[in-house]
1. Using a Gaussian network model of the chain with C-alpha springs under 10 Å, which one of 217, 179, 138 is most mobile by mean-square fluctuation?
2. Listing 176, 243 from the residue with the fewest other Cβ atoms within 10 Å to the one with the most, what is the order?
3. Which value at 222 nm does the chain reach when only helices count, each DSSP H run of 4 or more adding -39,500 (n - 2.57), with the total divided by all residues and rounded to the nearest 500 deg cm²/dmol?
4. Let me know the whole percent of all Cα-Cα pairs from the range 115-194 that are separated by more than 20 Å.
5. When only C-alpha pairs under 8 Å and at least 6 residues apart count, what is the relative contact order of the chain, in percent?
6. Give the percent of DSSP beta bridges with both residues in the chain that are antiparallel, rounded to the nearest 5.
7. As a test of understanding, state the convex hull volume per residue of the range 22-83 from its alpha carbons, in Å³.
8. Going by alpha carbons, how many degrees (0 to 90, nearest 10) lie between the helix axis of 68-80 and the longest principal axis of the chain?
């Protein structure tokens, strides 16, 4: 039986995954100043695609993940690309982040596609605040519950399910288990309570998910270019599959 790490590595070959990472990295560069060396925490960073991207730009990256198999994949990936000297690997959970990595250290904390899998999001955001330096920033990506309502109509043709999804924030993520989709305003409320302010936000996968893969074949670059245009535009960014928040530490 395939492990979670093996299934996830296979998924990363898909267009949906390419958008998930390539657009997130595009947004990172738009929302954060990466022109000078930064100390980065890639929290719940999995098998290291974002760590590879940031280390390749010259940043020092600490990759935190709770899955030893994911960390082993990341080490192999970064060794193959000659980037190990810029990276550190820590096994641990999001909830315990302030206990397993140094406090007051990081200029930038990444938490991409992970907050919805914790039952203690406020504690996690407080932990990120504790390990960030005074001028630190965070890149937080979470599933957008609005997209579940749209998907119920587009994919299932089910208005009753769409109505249910207005209030039902549970989500079965298959490979990673049950998740909770936190509304935009709730994320910002928790961020404010834990010492963060919203700098800006972007969307990821606004329209691409509604184009069948067979029809997107051969036009992937056009799809990605469209998504990059939509990412910062209202009202489109409110309907993205994911929100990407740029958070800044409050004085």
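The numbers here are math on the coordinates, done by the rules we state, and not lab data. Since this is a predicted model, take the numbers as computed values, not measurements. Cβ: placed from backbone, ideal geometry, glycine included. Neighbour counts: every protein chain shown.
1. In this elastic network of the chain, the residue with the biggest mean-square fluctuation among 217, 179, 138 is 217.
2. 176, 243
3. -12000 deg cm²/dmol
4. Roughly 42 percent, rounded to a whole number.
5. In percent, rounded to a whole number, it is 20.
6. 45 percent
7. Normalising the Cα hull of the range 22-83 by residue number yields 75 Å³.
8. With both axes taken from Cα atoms, the answer is about 70 degrees.
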